[in-house]
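Take a look at the structure set out below.
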Amino acid sequence: MRRLLRIAQREYVAYVRTVGFWLSMLALPLGMALVMGASGWMEASAPPPALVLIDQTPGQAYLAPVTEVLTAKNGIGRPRNEVVAPPITLPADPAAIGPALQPWLAGDSRLPGKRKLAGAFVIHGSGEAVAVDVWTDNPLLGATESIRQAIAGRMTQAKLEAAGVSPRLLADAQALEPKITDFSPKAAGKASLLTRLPGLIGFGAAMLLWSVIFTGAGILLNGVIEEKSSKVLEVLLSSATVPEILFGKILGVAGVTFTVLGVWGAVGAVLMNIFAPDQAAGIGQVLFSNGLLFYFAFYLICGYLMYASVFTAIGSFCETTREAQTLLGPIMILLTVPVIFLSQALRRPDTPALEILSWVPPFTPFMMTARAASGPPIWQVIATGILMLATVALVMWIAGRAFRAGALSTGKVDLKILIAKLRGGE
């Protein structure tokens, strides 16, 4: 045990002392701050798209409602678009307006202030034959659907008024809406954030496990490859047993990975308590009620140990990352399967396919974590827990034998020799 802990300490200190560790520690917070700040800065600094709106219907009946929806304010209080006057005198034919504005729409000519014309909307026709011609190459303009709804609403209003419905009665009818109340069968009362948090937290925990496997196992793989190529593994095998080396490395890298996650989690918890104390209290209540925190921790640890053992064993047979990539292909494909089903688990955690995948050991940690919202039967939790413990023990036993065989091997991997060594042969 003492040598195992020394190996774990050696692995931990070796990574913590590197510049890359501290850069990875700062990468996520800085990246999130940059993304949030950049999006807000771009929204605040960029002028709203300039649009030309032409209404050729009788009495320009749609000019006011369409202008209102186009210039509605965004989340920071700025207009989403700006309706500008046409830069030239436009022809009367609706079909000719777009070609006439083509130099401004293409950016060859500019509006005052050197602004580009982002789009032009031409409303023409009358009665029930109103049409809108949209001239733009910007698929993110997002105004077409708003215009359609505004014109459809105005056409409906005109139709009802023509049938004798008074404008006041029409306004009262449009203001009618049902009162919808969400109830939770589990809570036997109104649904709240607490009733929906388990599903969101389960999805987040499953994605956390996925990221931990990729980061931690990747570190293990590269570290073992480096030590094998430099003959360090052979030296370690002469002074410690295979289980001590294998589990020491896994424990040390786990410490590195969870140190980073712990710092990120602590920073996130502090910020959430400052800016969203109600949500922070709800998350804490969910995690510490009914043992959910231990539920997530159990599957997280089992999943990490299972995949970390496999990655470490693979690394012991490779002297270059190129060799490792050929062996990692099937595992990478295997790890993409949970991601495909995790979004489904968020919407319908009781889907039969998810329950079936929960009994497949490579997927069990992900699926059982994501199914936390549905409250899987206790017998399934116990049975899959026993299955995971047995699987982790078997994988670590096989990984230990493979690790010894790989650490002492030279040249390319020979599958027949590998199988023979795993069986105990020479």
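Points worth noting:
- Within the range 75-94, backbone nitrogen closer than 14 Å to the virtual label 7 Å beyond the Cα of SER109 toward Cβ: 85-91
- The largest accessible area among PHE341, PHE363 belongs to the first residue in PHE341, PHE363, and the rest follow in falling order (1.4 Å probe, all chains).
- Taking a straight Cα-Cα cut-off under 14 Å and skipping sequence neighbours fewer than 8 places away in the same chain, the aspartates and glutamates within cross-link reach of LYS228 are GLU319, GLU323.
- Under the Karplus curve 6.51 cos²θ - 1.76 cosθ + 1.60, θ = phi - 60°, whole-Hz ³J(HN,Hα) for the range 384-389, x wherever Gly or Pro sits: 5, x, 5, 4, 5, 4
- Across THR336, THR89, THR71, mean-square fluctuation computed from a Gaussian network of the chain (C-alpha pairs under 10 Å connected) peaks at THR89.
- Here the alpha carbons of the range 43-114 define both size measures, Rg and Dmax, at 13.8, 39 Å.
- Cα-centred dipole magnitude for the chain, charges only on beta-carbon of K, R (+1) and D, E (-1), debye, nearest 20: 1360
- Applying both filters, DSSP loop and at most 12 other Cβ atoms within 10 Å, to the trypsin sites (Lys or Arg not before Pro) of the range 109-164 gives LYS114.
- The calculated pair-distance distribution of the chain uses every alpha carbon pair, bins of 20 angstrom beginning at 0, and gives 19, 35, 29, 15, 2 percent.
- With DNA, RNA and ligands ignored, accessible area of TYR295 (1.4 Å probe; Å², nearest 10): 40
- Placing unit charges on the Cβ atoms of the charged side chains and taking the dipole of the chain about its Cα centre, the candidate lying farthest along the positive direction among ALA143, MET306, PRO49 is MET306.
The values are calculated or read from the model by the stated rules, or taken from the named source; none is laboratory data. On a predicted model such as this, the values are computed, not experimentally measured, just so you know. Positions of Cβ are backbone-derived with ideal geometry, glycine not excepted, and every protein chain shown enters the neighbour counts. We work out accessible area using only protein heavy atoms, side chains counted, and drop any ligands, DNA or RNA first. Shrake-Rupley method; radii C 1.70, N 1.55, O 1.52, S 1.80 Å.
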